[in-house]
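One structure is given below, encoded as structure tokens.
What follows is calculated from the coordinates using simple rules that are stated; it is not laboratory data. Every value quoted in this text rests on a predicted model; they were computed, and no experiment measured them.
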Amino acid sequence: MSSQFTGLLSSIPQTLRDELIESLNQVERNFKENRWEPSELNGGKLCEVVYSILKGYVENSFPASASKPANMVDACKSLERSPSSFPRSIRIQIPRMLTALYEIRNNRGVGHIGGDINPNHMDAVCVLQISKWVVSELIRVFHGISTQEASRAVDALSDRELTLIWKINGKSRVLNNSLSM
């Protein structure tokens, strides 16, 4: 799948692009397999990769690989102080989405026990959609292909997908027969 994103994210170094796509693939795969907590954890990894990309872009020096900032919230807020010559999406919109995504990963049912109702499914839905939005926004900013092709890719990421397992009337239907019991 990474090769499909080469033109879409051509301004991003290959290593970071691979890490980004792998993180998104993991979020999606775990979500489709109803593995909510792993999906949410991979959302946190995606945040770290995206932050590394944004910081590298603003500083005009991409890192060799993604790394975790000491404090994600403060790191994202520091991007807001970047010169206004950078797109608003890079300075404000994506960093604020990363903060929300990281909050779910760190301070909800993923890492801590609490509350009567387990929020992991609804949080995983949010993580998946924010992850897709963030990658779509990166495509919008960093695409190295025609606007029409980039728009099709963003639309494809935004399209609703059917889950691999349907739960109807207390029964589960596995839609992917390659999955083991």
field: Cα-based reach from K132 at 17 Å (exclusive), listing lysines while leaving out same-chain residues under 8 positions away
entry: K32, K45
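Pull out the extension gain between A100 and F86, defined as 0.36 nm times the separation in residues minus the alpha carbon to alpha carbon distance; nm, one decimal.
Answer, rounded to one decimal: 2.9 nm.
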task: Rounded, prolate or oblate: pick one for the range 1-90, where a ≥ b ≥ c are the square roots of the eigenvalues of its C-alpha gyration tensor, a/c under 1.5 means rounded, and failing that, prolate if a/b is larger than b/c, else oblate.
output: oblate
